[in-house]
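*Asks:* This is the structure I have questions about; it appears just below.
The values are calculated or read from the model by the stated rules, or taken from the named source; none is laboratory data. Fair warning: this is a prediction, and the values are worked out from it, not measured in the lab. So basically every Cβ, Gly included, is an ideal-geometry build from the backbone, and we count neighbours across all protein chains shown.
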Amino acid sequence: MNKMKTQSIFCGLFSIAFFYICWGISQFLSIEMQYPLLSSLLFSILFTGIIGSFIPIYFKNSFRWSYNAPSSNRILGYGFLLLAIIFSTLLSGALSKVVELNYSWILILKYILLFFPMSLGIGLFAFLLIPNLIQGWKNDKKRSALLVISIGLFFFLAFYVDSLFQDIALAGTMGLIGLLLGLGYIFLRNFWVVYSALFIIMVVNTLADNKYNDYSFWIVIVSTLLSLTILALDYIWNRKRKYLNLAIE
């Protein structure tokens with residue numbers, strides 16, 4: 001058991017480092033080298049699909065992790081998620097800017113398809129992989145605090161890498177949002193609920209930034225289908241394992 005825990009921690013930390021490296025390379029190709037198509041392929045297929053979705057889900061099944069656990073305080077959990085959404089969409093002015101830009105429905109769909117797999121990859125690392133690297137946090141306040149700080153730090157570093165270490169204000173803002181989402185997670189302990197809040201935050205803010213209008217539609221479709229396929233295979237695998245366990249019993 002201890003060997004499996006050690007192995008899961010090593011694999012988790014290595015995959016987080018790999019996650020940052022691939023994100024940084026894709027941004028470097030786009031911003032510094034001016035290779036937008038290659039960057040889009042690397043970002044949307046390799047980074048968000050293979051690394052962001054497949055790796056944490058593979059670990060989940062290998063080490064018998066779970067997406068959800070019984071919540072400890074739903075009111076506090078939803079309160080922190082609501083605070084994160086209000087802070088990042090209303091108080092920041094992002095939502096009002098989206099309304100002003102008056103996007104067509106096809107552009108809104110493109111942003112949704114683009115940031116569904118991206119937010120899924122970030123969410124799987126932040127709210128599935130990292131919580132399973134910190135053993136015993138559910139019954140230990142110090143470890144719970146460590147988990148929240150770890151999630152906030154993960155968000156900070158992720159978006160600092162995203163800006164190629166140029167925009168520390170963005171990284172700090174996302175780090176704060178990560179802390180709020182982390183607080184929501186330790187009370188709700190439900191990956192899908194916290195991920196949904198992250199998805200809303202990312203879509204609204206990227207729509208407000210208005211930077212991805214020219215992003216290839218076929219790439220976002222392929223990326224979305226890849227992530228959905230990985231989720232579907234995970235669901236099928238877990239159903240089969242559940243039936244096998246019942247048959248053995």
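*Asks:* Is there any pair linking a residue in segment 69-80 that is closer than 7 Å to residue 188 by Cα to one that is in a loop (DSSP other than H, G, I, E, B) and not polar (S, T, N, Q), with Cβ under 6 Å and at least six apart or on different chains, and which?
*Replies:* So the pair list comes out as 71/189.
*Asks:* Separate question: Please indicate, with yes or no, whether at least one residue in segment 200-216 is among the small types (Gly, Ala, Ser), over 21 Å from residue 117 (Cα atoms) and assigned to a helix (DSSP H, G or I).
*Replies:* Start the filter on segment 200-216 by keeping residues that are among the small types (Gly, Ala, Ser), which leaves 208, 216.
Among the residues that remain, those that are also over 21 Å from residue 117 (Cα atoms) are: none.
Scanning segment 200-216 turns up no residue that is among the small types (Gly, Ala, Ser), over 21 Å from residue 117 (Cα atoms) and assigned to a helix (DSSP H, G or I).
*Asks:* Sort through 187, 191 and tell me the only one that's touching a strand residue (DSSP E or B) at 6+ places or on another chain (Cβ under 9 Å), within 30 Å of residue 137 (Cα to Cα) and surrounded by 14 or more Cβ atoms within 10 Å (Cβ to Cβ). So that I can check it myself, show each step before the final result.
*Replies:* Values: 187 fails: touching a strand residue (DSSP E or B) at 6+ places or on another chain (Cβ under 9 Å).
On inspection, the qualifying residue turns out to be 191.
*Asks:* Yes or no: segment 101-122 includes at least one residue that is of a type in the set (Lys, Arg), in contact (Cβ under 8 Å) with a residue 24 or more places away in the chain and over 23 Å from residue 146 (Cα atoms). Break it down into steps so the answer makes sense when it comes.
*Replies:* Within segment 101-122, the subset of a type in the set (Lys, Arg) is 110.
Add one more test, that the residue is in contact (Cβ under 8 Å) with a residue 24 or more places away in the chain, and what stays is 110.
In the following step, the residues that additionally are over 23 Å from residue 146 (Cα atoms) were identified as 110.
Yes, the conditions are met somewhere in segment 101-122.
*Asks:* Which count do you get for residues in segment 11-34 that are part of a loop (DSSP other than H, G, I, E, B) and β-branched (Val, Ile, Thr)? Quick ask: steps written out before the conclusion?
*Replies:* Of all residues in segment 11-34, those part of a loop (DSSP other than H, G, I, E, B) come to 32-34.
Cutting the leftovers down to β-branched (Val, Ile, Thr) gives us none.
So the count comes out to 0.
*Asks:* Considering (1) closer than 28 Å to residue 14 by Cβ; (2) surrounded by 19 or more Cβ atoms within 10 Å (Cβ to Cβ), say which one residue 220 fails and leave the rest.
*Replies:* The one condition residue 220 does not meet is (1).
*Asks:* Among the residues of segment 155-172, write down those that are over 12 Å from residue 23 (Cβ atoms) and touching a Phe, Trp or Tyr at 6+ places or on another chain (Cβ under 8 Å).
*Replies:* The answer is 167, 168, 170, 171, 172.
*Asks:* Then there's this: Look through segment 87-116, keep the residues that are in a helix (DSSP H, G or I) and of a type in the set (Gly, Ala, Ser), and return whichever of them is surrounded by the fewest Cβ atoms within 10 Å (Cβ to Cβ). Quick ask: steps written out before the conclusion?
*Replies:* Narrowing segment 87-116 to residues in a helix (DSSP H, G or I): 87-90, 94-101, 105-116.
Of the ones still in play, those that are also of a type in the set (Gly, Ala, Ser) are 88, 94, 96.
Values: 88: 24, 94: 19, 96: 12.
Taking the candidates together, the pick is 96.
*Asks:* Name the one entry in 214, 167 that is under 20 Å from residue 87 (Cβ atoms) and at pLDDT below 95.
*Replies:* Details: 214 fails: under 20 Å from residue 87 (Cβ atoms).
Answer to the selection: 167.
*Asks:* Here's a follow-up. For segment 135-149, indicate whether the set of residues that are assigned to a loop (DSSP other than H, G, I, E, B) and touching a helix residue (DSSP H, G or I) at 6+ places or on another chain (Cβ under 8 Å) is non-empty. Steps first, please.
*Replies:* First pass over segment 135-149, keeping only residues assigned to a loop (DSSP other than H, G, I, E, B): 135-136, 140.
So of that shortlist, the ones also touching a helix residue (DSSP H, G or I) at 6+ places or on another chain (Cβ under 8 Å) come out as 135-136.
The answer is yes, given that some residue of segment 135-149 is assigned to a loop (DSSP other than H, G, I, E, B) and touching a helix residue (DSSP H, G or I) at 6+ places or on another chain (Cβ under 8 Å).
*Asks:* Related question: For residues that are of a type in the set (S, T, N, Q) and part of a helix (DSSP H, G or I), scanning just segment 35-86, find the one that is surrounded by the most Cβ atoms within 10 Å (Cβ to Cβ). Write out each step before concluding.
*Replies:* Initially, segment 35-86 is screened for residues of a type in the set (S, T, N, Q), giving 39-40, 44, 48, 53, 61-62, 66, 68, 71-73.
From the residues that got through so far, the ones that are part of a helix (DSSP H, G or I) too are 39-40, 44, 48, 53, 61-62.
Values: 39: 20, 40: 20, 44: 26, 48: 28, 53: 25, 61: 13, 62: 12.
Of everything passing the filter in segment 35-86, 48 is surrounded by the most Cβ atoms within 10 Å (Cβ to Cβ).
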